[in-house]
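Written out below as structure tokens is the structure these notes cover.
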Amino acid sequence: MEDIIKYKNSFSTEAKLGFIGCGNMAFSIVKGLLQSKLFEANEIIVSGTRDESFERLKSLGKINTTKNNNEVVRAAAIIFLCVKPAHLDAVAISLKKNFLNPDEIDLSNLNKTLVSILAGTSLNTLREAIPNFGSYIRVMPNTPLQVGAGCSAITIFNASLDLLNSYNAVKAIFCSLGLVDVLDESKFHAITALSGSGPAYVYIIIDALSDAGVKQGLPRDIATRFAAQTLLGASKTVLESSFHVGQLKDQVTSSGGTTIHAIHELEKGGIRNTLFNAIEAATKRSKEMSEN
Ligand SMILES: NC(=O)c1ccc[n+]([C@@H]2O[C@H](COP(=O)([O-])OP(=O)(O)OC[C@H]3O[C@@H](n4cnc5c(N)ncnc54)[C@H](OP(=O)(O)O)[C@@H]3O)[C@@H](O)[C@H]2O)c1
């Protein structure tokens, strides 16, 4: 909180946090930030290419929106890059166009921090595409940020002393939205596969458990809520207890009981092997994306 206040006090413009891109991730981060009450809606400025994309964000409050990426860079000191990797060049071109225009901001003197959440896009690629920012931070977050239960890996390229405020503020922002760990960039392919894409795997598991409950005669809403709460409760237990995850499994698994019969079916279906393969495929895809 102290780091955020220091950051907010360090300049006087109204919009203090910028977002280039206004899709699912920008929405999740902004929603989480407003819920955490660290920022007001009017302190945030977001750019996109279509009016329709702003509608969902506007439902969160009086967020400033623009179709000009330069306005975002001009207004804020921390800019979150939240476009698809394929849009990186278009964003770079839009910023460089103005860079060449003397009436516009001079990116070569930018004392600003660019925070990229792009999957499979290294800090080097980012710096080459959009040069002249004071510092670059790469984050791999996930969508549960929007309910304060995200997890984000952070890595940094350069934080000169005067940009340390921004770095601390970025860390504080993600800490307010869930779990944060500072990781070497070489681990980002694996973390993208595990936690970046992870919510999708968990939604599939909840949906499947819900279907299975319905097949056994439970009403749909109860089946879905109980499936989701069971995952939430088990996850909270893993994070808060001192037991190994295997011991926690054993605590539910009595001899000859219902759980071990179900586990036998899960193992026959190759659940562990399937998860190994899924994470391996996503890690490989992240590496491929970084090479293209
Ligand atoms: N989704 C996840 O769970 C997740 C998790 C971790 C990391 N990520 C990373 O987060 C990034 C964003 O993902 P997302 O799911 O939020 O994608 P998304 O929903 O498709 O959003 C991308 C946004 O970028 C905007 N955009 C496109 N070209 C632009 C330009 N030239 N200037 C400004 N804005 C532009 C689009 O706006 P318009 O619609 O107006 O064109 C769109 O709102 C990706 O790089 C992804 O790798 C995603």
Which condition does Thr192 not pass, out of (1) within 29 Å of Arg74 (Cα to Cα); (2) within 15 Å of the ligand (Cβ to nearest atom), if it passes all the others?
(1)
Starting from residues that are open to solvent by less than 10 Å² (accessible area, probe 1.4 Å) and assigned to a helix (DSSP H, G or I), keep the ones in the stretch 68-87 and report whichever is nearest to the ligand (Cβ to nearest atom).
Val72
I'd like to verify a number: residues in the stretch 1-42 that are part of a helix (DSSP H, G or I) and either acidic (Asp, Glu) or at pLDDT 85 or above (or both), how many?
17
Selected residue (only one of Ser47, Ser53 is open to solvent by less than 30 Å² (accessible area, probe 1.4 Å), within 13 Å of the ligand (Cβ to nearest atom) and at pLDDT below 90)
Ser53
Here the qualifying pairs (Cβ atoms under 7 Å; residues six or more apart or on different chains; first in the stretch 174-190 and under 13 Å from Pro141 (Cα atoms); second in a helix (DSSP H, G or I) and of a type in the set (Lys, Arg)) come out as Val180/Lys171; His189/Lys287
The stretch 252-292, subset in contact (Cβ under 8 Å) with a residue 40 or more places away in the chain and among the hydroxyl-bearing types (Ser, Thr, Tyr), residue most open to solvent (accessible area, probe 1.4 Å)
Ser290
When you check Lys31 against the structure, is it in the same structural domain as Gly148 (by TED's automatic domain parsing), basic (Lys, Arg) and more than 9 Å from the ligand (Cβ to nearest atom), yes or no?
yes
With respect to Val182, determine if the residue is out of contact with any helix residue (DSSP H, G or I) (no Cβ under 6 Å at 6 or more places or on another chain), modelled with pLDDT of 95 or more and among the β-branched types (Val, Ile, Thr).
no
If Thr125 meets every condition in (1) within 21 Å of Leu88 (Cα to Cα); (2) within 16 Å of the ligand (Cβ to nearest atom); (3) open to solvent by less than 10 Å² (accessible area, probe 1.4 Å) apart from one, which number is that one?
(3)
Look at the stretch 240-271 and say how many of its residues are part of a loop (DSSP other than H, G, I, E, B) and among the β-branched types (Val, Ile, Thr).
1
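The values are calculated or read from the model by the stated rules, or taken from the named source; none is laboratory data. Because the structure is a prediction, the values reported are computed rather than measured. Please note: Cβ atoms are built from the backbone with ideal geometry, for glycine as well, and neighbour counts cover all protein chains shown. In case anyone asks, the SASA skips ligands and DNA or RNA and just uses the protein heavy atoms, side chains included. Shrake-Rupley method; radii C 1.70, N 1.55, O 1.52, S 1.80 Å.
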